[in-house]
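The block underneath contains the structure these notes are about, expressed in structure tokens.
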Amino acid sequence: MTAPRDFDPFGTPQGTSPHALKIGLVRTLVLQLGSESVAEGIRVLAARRGHEARRTDSPEECYWLVTTGAIDFLVLAVAGRQLSAAAQLIERLREDPAADPLHFLLVLEEDAEVTDDLVRAGVDDYLSWPGDTQVMEMRLALAEQCLTRRESAHRTAQDLRRKAKNFETVFNASPFAILIITSSDGRILEANRTVESVLGYSGAALRGKYMAALFPDLFQNVSVPVGELEWVRGIAPREASYRHPHNGMRHMELMAMPITWNESGQLLVKIGDVNIRREIDNDRISASKAESIRLLAGGVAHDFNNILTAIAGNIGLLSEHSYLTPDNVQLLNRAEAACERARGLAEQLATFARQGELATGLRNLGPLLRRSVQFALYGGKIQPSFSIPENLWPVYCDESQVSQVVANLTINADQSMEDIKSSGRLHISCTNLCIPEGTRLPLAPGDYVRVSFKDDGPGIPAQDILRIFDPYFSTRSGLSGLGLATAATIIKNHRGYLRAESVEGEGALFEIYLPALSDPTMLAVGDEDEDGGEGLASGSDGPGTRVLFMDDEEDIRDIVDRILKRYGFEVYCAADGREAIEVYEKAMEFGEPFDVLLFDLDVRGGLGGREAIQHLRKKHPHLKALVTSGYSDDRILENHREAGFSGVLTKPFRIDRLVATVTQLAQSST
């Protein structure tokens, strides 16, 4: 229903009486159900007392105004013929919550008398009028007082409901199980919602039960009331065993404190699951220990590769002497092979130190495959063969993690052929592939390299082929069953795919798909095939090429200096980044700039390669620099171009690798 157009519930009263209300304005409506003069007279008296008083003759308008909150005090001026209509309106308003806390005053004209219907409907007061004006003023004053008390009670009730709702919210939102128990015998009066997740029982199931049934160690066979127990009076929590209905024996921590509940002294008991806290603490400790071990592994890998660089470099230099006997050459070759195996061990340490994080970059799979397969098969009778095209695309991968995948697949093939009397064969082949839209493989369309491992083993039974990538699944006793599962996870994290197929008795085939870059010119300097560049002639690669080499290890500076000078390079060495900057600036002053900078990334207690290059590039943006490191946990090797380097040379490096990489960068245009 719409508001009447001629009615303003917030109009300004006229002729305000000196006895006007001090408690605030009362919005009064006079409903005329009889004489207009009687209703108008009441309105005038109310206005003089400071009421916002208005008059209407429509019960429906009256109902709308009252239920929309525009009216506090309703006066019904009723003639005898309208008594029934007045009773119905009052009863209707009393049943509507929107009319509370309305006060009703019934004014009976001369021909009307109060009826039982009016009393039952809920009239607050009534009188006959017209009559003595002072009597009407007194009734209006009484109505004002009733309204004040009723409004105060209404606000108090609202405040109590709000506080009760807030308490209920906090009570049930607590992460701890909270019980309200009697201080005499420990009977449970109330429980919050969390008790079900902590204790395994709902609040409804616990009400009326005794704490002795839940925690007999603390509450059973006590000679004093629960509220007088020593641990209840203190502030320190107590631990107790608890038989959980679903999780067996658990350890709980209880803390109790006296409170007033339902106007009597009771106890609030807070309960927490100690097992969960201990598990969190143990996980935190384990994570801290694992992080310490990873840091240690990273440091060991770094130092180990530095040592291997010096060893491998000296072996390489010694191998080039012409006076060596065949036995000497064989011994040196074995030492060099041992260095390669040690390098594989360092890579495993570096992989562990990264703990699953990917250090992806463009990599040539050829040298990685040969090195990882030969390392995994060292000392065995399996003969590997490789079919790797020269134009194989570089792939996006974490070299250490893909090396682990290759090693796992190689070891799996080796183990499958253990029972073959003659030496088994493992063939590794690579193919460039363009995966189209709509392929059945779970791969996005694009360029990939497929690496295939085909062995001569007994094959995989049909009932096992779908389970071989499941963790802990193995057909051989004593094995963890994690090798293939780990390999599949690593390849999936590379957005690739690992699949297997086999015919029992005809060996097994495993295929790796890795995202690749079909434009090989994008391969970074230092990422080329490590086997390239063999047979370099001494003094043929670097005549006139000036190289500034910086490393904090004296043995490494010495061996790199010897190697590069043997091949005709002009070499200057520095022990840290500050010295390298000084040497570079001096060379520029004398007009003899360096062609290539080869900087170690990490320098203990000094300026490292990254900081030194960033400083130099501010003045010399076109310099050419390689970064070298045994291990880095900040991904500079992966994002070397962003750090200011043109390429990467990882330790330990072979002589041909070192010479070829420096030569390539010196001859490049950038």
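The values are calculated or read from the model by the stated rules, or taken from the named source; none is laboratory data. All values reported here derive from a predicted model rather than from experimental measurement. Cβ placement follows ideal geometry from the backbone for every residue including glycine, while neighbour counts extend to all protein chains displayed. Note: accessible area is taken over every heavy atom of the protein model, side chains too, but ligands, DNA and RNA are not part of it. Shrake-Rupley method; radii C 1.70, N 1.55, O 1.52, S 1.80 Å.
Separation between the residue 618 and residue 145 pseudo-spin-labels, each 7 Å from Cα along Cα→Cβ, expressed in nm?
Distance between the two pseudo-spin positions: 8.7 nm.
When only Cα pairs under 8 Å and 6 or more residues apart are kept, what is the percent relative contact order across the chain?
On the way: 1169 pairs, mean separation 50.3, N = 670.
In percent, rounded to a whole number, it is 8.
For region 234-350, treating each Cα as an identical point scatterer without solvent, what Debye log10 I(q)/I(0) comes out at q = 0.16, 0.21 1/Å?
-0.90, -1.11
Please work out the FRET efficiency for the pair residue 202 and residue 259, using the Cβ-Cβ distance as r and a Förster radius of 22 Å; give the result to the nearest 0.05.
Working: r = 22 Å, r/R0 = 1.01.
Working from the Cβ atoms, E equals 0.50.
Taking θ = phi - 60°, what integer Hz values does the Karplus form 6.51 cos²θ - 1.76 cosθ + 1.60 yield along region 241-252, in sequence order, with x for Gly and Pro?
With coefficients 6.51, -1.76 and 1.60, one gets 6, 9, 8, 6, x, 10, 10, x, 6, 10, 10, 10 Hz.
Hey, what's the per residue convex hull volume over the C-alpha atoms of region 583-664, in cubic angstrom? Intermediate results must be reported in sequence, preceding the final value.
Values: hull volume 8.7 nm³, N = 82.
Cα convex hull per residue, to the nearest whole number: 106 Å³.
With the alpha-carbon atoms as the only input, what is the per residue convex hull volume for region 386-473 in Å³?
Details: hull volume 12.2 nm³, N = 88.
Hull volume over Cα atoms, normalised by residue count, gives 139 Å³.
How big is the accessible area of residue 572 in square angstrom, nearest 10, if you roll a 1.4 angstrom probe over the protein chains?
Residue 572 has an accessible surface of roughly 90 Å² with all protein chains in place.
Order of 362-369, 113-120 by packing, highest average Cβ count within 10 Å first? Write out the running numbers ahead of the final one.
On the way: 362-369: 20.8, 113-120: 13.9.
By packing density, highest mean first, the sequence is 362-369, 113-120.
Can you bin every Cα-Cα distance in region 72-185 into 10 Å intervals starting at zero and give me the percent of pairs per bin, rounded to whole numbers?
Values per bin, smallest distances first: 12, 31, 23, 12, 11, 8, 3.
Roughly how much of residue 36 is accessible, in Å² to the nearest 10, using a 1.4 Å probe?
That residue has around 110 Å² of solvent-accessible surface.
Once the Cα gyration tensor of the chain is diagonalised, what are the square roots of 5 times its eigenvalues, in whole Å and ordered largest first, as equivalent ellipsoid semi-axes? Provide the component values of the computation, followed by the final result.
Details: eigenvalues 1670, 260, 157 Å².
Listed largest to smallest, the semi-axes of the chain are 91, 36, 28 Å.
For the chain, list the DSSP H helices whose alpha carbon atoms reach 30 Å or more along the long axis and whose average Kyte-Doolittle value is -1.0 or above? Could you put the intermediate results ahead of the total?
On the way: long enough: 133-173 (59 Å, -0.74); 274-319 (65 Å, 0.15); 326-354 (42 Å, -0.39).
What comes out of the filter, once short or polar helices are dropped, is 133-173, 274-319, 326-354.
Can you list, bin by bin at 5 Å, the percent of alpha carbon pairs in region 244-301, starting at 0?
4, 14, 12, 12, 11, 11, 10, 8, 6, 4, 3, 2, 1, 1
Per residue, how much space in cubic angstrom lies within the convex hull of the C-alpha atoms of region 557-613?
Numbers: hull volume 4.5 nm³, N = 57.
Roughly 80 Å³ of hull volume per residue.
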